[in-house]
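These notes concern the structure reproduced below.
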Amino acid sequence: MTDGPPAAAGRDRSGDQLIVEGISKSFGGVRVLADVGFSVPVGGLSGLIGPNGAGKSTLFSVISGFQPGDAGRVGFAGRDLTGLSAVERVRAGMGRTFQVPRVFASLTVRQNLAAAAPGQAGEHLVDVFFRPGRIRRQEADIAARADEILGFLNLARVADTPAGGLSGGQRKLLELGRALMVRPRMILLDEPFAGVNPVLIDEIAVRIREIAAGGIGFLIVEHNLPSLSALVERMIVIDRGRLLAQGTPAEVLADPVVREAYMGGAV
């Protein structure tokens, strides 16, 4: 039996949500996103789907602060995040993963998790010379958090293995673990099932459900529609940079407009 999900930052999340309003983005005069808007509740499981080139990756980058939008607003838990950097959005409670896991290949799995912890006192010379006790206490807290996540994600057996030697599925779990190290309240999850064998897909889905049950929200981009529809409660569809549909997976996948956007009617 694995450990329970790592605790989220302690606070009442009733009414908390990610709000995306009127997001537009162009590159070289080509409109990639046009007035996209929706909301995602904290503690909920929502999927973001669309055909190749629909604008999903760009939307993720704008929401997470890796790229600025040309227009629109991103709000989270009653706070306007528009104009904040990616680091500031992490501090506000928003974590994210990437389609291709960004691990430090030569560091161990445990070290990769520790490196993701934000605001480490040891990064500042003043603390190194004048507050060594603070650094020791923080390092102990980070180590305990990493051990908790290693157990929960069933990665303890490879904790001291260089991350470069992990399988694709294990790298996806490590990427999720790194997002959990920042104690988020919302995680933008980019293709967690891509390149992963079916057994690990099921394991990743179980972990995501348990994390969400602990009060952390998810917005998940994924091309594996059967696995995604079995996981999420709600789907948001964009096509050609515009919001196309939203609703339960059954409603969305039965929508003829959505079916037409996917391969001329076959979903």
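Among Leu219, Leu18, rank each residue by its count of other Cβ atoms within 10 Å, from fewest to most, as a rough exposure measure.
If I rank by nearby Cβ atoms, fewest first, I get Leu18, Leu219.
Looking at the stretch 33-265 only, what percent of DSSP beta bridges run antiparallel? Nearest 5 please.
35 percent
Quick one: putting +1 on the C-beta of Lys and Arg, -1 on the C-beta of Asp and Glu, what dipole do you get for the chain around its Cα centre, in Debye to the nearest 20?
540 debye
If you fit an axis through the alpha-carbon atoms of helix 168-180 and take the longest principal axis of the Cα set of the chain, what angle between them do you get, 0 to 90°, nearest 10?
Rounded to the nearest ten degrees, it is 70.
I want to verify a result. In a Gaussian network model of the chain, Cα cutoff 10 Å, which of these has the top mean-square fluctuation: Pro192, Pro184, Pro256?
Pro256
So how do Thr161, Thr58, Thr97 line up by other beta-carbon neighbours within 10 Å, fewest first?
Fewest to most other Cβ atoms nearby, the residues stand as Thr161, Thr58, Thr97.
Given a cut-off of under 8 Å on Cα pairs at least six residues apart, what relative contact order in percent is computed for the chain?
Numbers: 497 pairs, mean separation 77.6, N = 267.
It comes to 29 percent, rounded to a whole number.
Summing -39500 (n - 2.57) over the DSSP H runs of n ≥ 4 in the chain and dividing by its residue number, what mean residue ellipticity at 222 nm do you reach, to the nearest 500 deg cm²/dmol?
Values: 10 runs with 98 residues, N = 267.
Rounded to the nearest 500, the figure is -10500 deg cm²/dmol.
Since every read-out is calculated from the coordinates, none of them should be taken as a lab result. Keep in mind the model is a prediction, meaning the values are calculated, not measured. Positions of Cβ are backbone-derived with ideal geometry, glycine not excepted, and every protein chain shown enters the neighbour counts.
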